[in-house]
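Below is one structure, written out as structure tokens, with a few remarks after it.
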């Protein structure tokens, strides 16, 4: 009998495993991937994290843990060089290397193993897993399950299947640069990073680059100290306690907090645009207020758009399209048999302040979520900086006692 089994091994469940490691809890985590990998298609050179290295997998809960980012640097004899570096933000490649380092040290992580089914026995859950290579199946019994299956690319159905999602950008970059014209659709950080990367890459003289956004302006990421307090346990508790209708309205307000572009990225883009010659500037277009209705393909892509303010139709011919159009939760089919309680028009899971999923049946064994949390936990739902406090609450709830104290008053702002 295990205390907790995790479905999926992304940064959230990896951190959960790291925090569970020194506790008495018996845990297992499964993922069908061969090894840990975090957004390999967005490992763009010089791309930076938007959260401090202090919000690694464990530090905010246990600074003495062997799985801190600083201990990772010490293991590589890079602690002094990082001290002289004097920055809070690290590159995405460095963060990914840190996550991989942690993943190699935890024996409750099982890769190349997919979860096929979960059955509620009335007293516990039976988790059926299958080894990817051999097809061998094994059943494990656990009191609790955490669903950490992450998200998957969201591409509108009106976009041709040959459109490249930003998660595949690095793998497709060489082919993209062979086109005469490339269009990027989206207005967030991923779109900006890809635009900057193509803008600064070696490319043919006739190469045309186009950035299409339905926004009037490119929102800057919220970097004000008081503004950032919405990414705190205090605000998340407050948000979770709000009535459903209020939470639905609030979700729409946080576009800047969730989808804003870092000031450093926007500054770098502007500087490179400024340095272009007049001829080069003519081959680079940033087009705002354009809602993409359809993307079709016939030897070239045709992008059909509508100007949101003038209500006029526009089209663009291009050789490749990169869609930075976001993500949707990746939810396994077997959860439909687990009596989960839903709320809202989008049928989101009803999840309490401790990340426990509400069920339509009464039980002493529970389901927890580290994904599909936007409606229940607001702008911090997918925020990596909040993953530690999320995992603290889950482990404390599973253990039935305080394994990791959670800061109750971590903000200067009072939300209630």
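Going from the residue with the fewest nearby Cβ atoms within 10 Å to the one with the most, 343, 126 rank 126, 343. If you take the beta carbon distance between residue 197 and residue 141 as r and set R0 to 51 Å, what does 1/(1 + (r/R0)^6) give as a FRET efficiency, to the nearest 0.05? The computed FRET efficiency comes out at 0.60. Projecting label points 7 angstrom from Cα along Cα→Cβ for residue 1 and residue 342 puts them 3.3 nm apart. Ellipsoid semi-axes for the range 185-335, based on the Cα gyration tensor and the rule √(5λ), read 33, 21, 15 Å when sorted largest first.
When you restrict to C-alpha pairs under 8 Å that are six or more residues apart and normalise by the size of the range 116-163, the relative contact order lands at 25 percent.
How large is the Kirkwood hydrodynamic radius of the chain, in angstrom, based on all distinct alpha carbon pairs? Averaging 1/r across every pair of different Cα atoms and inverting gives 23.2 Å.
In this calculation the C-beta distance from residue 223 to residue 81 is compared with R0 = 25 Å, giving a FRET efficiency of 0.45. For the range 298-416, pairs of C-alpha atoms spaced more than 20 angstrom apart make up 61 percent of the total.
In terms of the Cα gyration tensor, with a ≥ b ≥ c the square roots of its eigenvalues, is the range 113-264 rounded because a/c is under 1.5, prolate because a/b exceeds b/c, or oblate? Verdict is oblate for the range 113-264. May I ask you to derive the FRET efficiency for residue 310 and residue 412 from their Cβ-Cβ distance with R0 = 51 Å, giving the value to the nearest 0.05? Computed FRET efficiency for residue 310 and residue 412: 0.70.
Dividing the mean sequence gap of close Cα pairs (under 8 Å, 6+ apart) by how many residues the range 55-140 holds gives a relative contact order of 15 percent. Could you tell me how many degrees, from 0 to 90 and to the nearest 10, lie between the Cα long axis of helix 263-275 and the main elongation axis, the longest principal axis, of the Cα atoms of the chain? So the inclination is approximately 20 degrees. Between 0 and 90 degrees, the angle of helix 92-103 with respect to the longest Cα principal axis of the chain falls at about 20 degrees. Structural size metrics of the range 1-129, computed from C-alpha coordinates, are Rg and Dmax of 16.4, 56 Å. Look at 102, 351 and count the other Cβ atoms within 10 Å of each Cβ; fewest to most, that gives 351, 102. Here 111, 195 are placed in order of increasing Cβ neighbour count within 10 Å, fewest first, which gives 111, 195.
No value in this document is a laboratory result; all are computed from the given coordinates. Source: prediction; values computed, not measured. So basically every Cβ, Gly included, is an ideal-geometry build from the backbone, and we count neighbours across all protein chains shown.
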